[in-house]
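Take a look at the structure below.
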Amino acid sequence: MASRKKIILISITVMIISLFIGCSNNTMDKIYDDNNKIANIYDSFSLDKSVEKIESGTYKGNLKLSGSMTIWTYDSSEDFDLQVPYTLSVKSGKAKIVLVSPDNTVVNLVENTDKSTVEGKTSLTAPIKKGKNRIRVVGYKKADINLELQIDKGTFNKVEL
């Protein structure tokens, strides 16, 4: 048990040192098309801006992001399809919202770039599986993202600078 704690402490220390040294955007951008890295239990990202608001089943975020960060988790007792009203607009770069299933399968729910515009809210379907499910926002080239999700189940996570 002490050995496991030591490994976790070393891992956390390495991540903190990496943040202080400064992960290049190029490293974080490589995550965008790598489902193994997206499915990783740890978030890996570079964040230049984070204005987030969470209240009563709604997440609103204005982010400047490269890499992958978890914004929602839900431990489900059954499989079902979850309807999620959302808005995703990208001013620069590209971004996607993905679902990471309990078996670490990554499902792209929606993807957007600065060249495609989406006006107003629409809805996506998230195939929730029994076990721990995670929704992540993934950004490429310091994507300037405005995002809103409405989900009554699970827990939204706020990431501070």
Tally, over the range 55-79, of residues that are in contact with an Asp or Glu (Cβ under 7 Å, 6 or more places away or on another chain) and of a type in the set (A, V, I, L, M): 1
Here the residues within the range 40-90 that are of a type in the set (A, V, I, L, M, F, W, C), surrounded by 12 or more Cβ atoms within 10 Å (Cβ to Cβ) and either over 26 Å from SER116 (Cβ atoms) or in contact with a helix residue (DSSP H, G or I) (Cβ under 7 Å, 6 or more places away or on another chain) (or both) are PHE45, ILE54, PHE80
Hey, among the residues in the range 151-161 that are in a loop (DSSP other than H, G, I, E, B) and in contact with a strand residue (DSSP E or B) (Cβ under 8 Å, 6 or more places away or on another chain), which one's modelled with the lowest pLDDT? LEU161
Meets criteria (touching a residue at least 12 places away in the same chain (Cβ under 8 Å), surrounded by 20 or more Cβ atoms within 10 Å (Cβ to Cβ) and more than 13 Å from the chain's Cα centre (by Cα)) for ALA95: no
Which of the residues belonging to the range 119-150 are in contact with a strand residue (DSSP E or B) (Cβ under 6 Å, 6 or more places away or on another chain), farther than 20 Å from ALA39 by Cβ and assigned to a loop (DSSP other than H, G, I, E, B)? LYS121
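The values are calculated or read from the model by the stated rules, or taken from the named source; none is laboratory data. What you see is a predicted model, and the numbers here were worked out from it, not measured in a lab. Don't worry about glycine lacking a Cβ; one is built from the backbone with ideal geometry, like all the others, and counts go over all protein chains shown.
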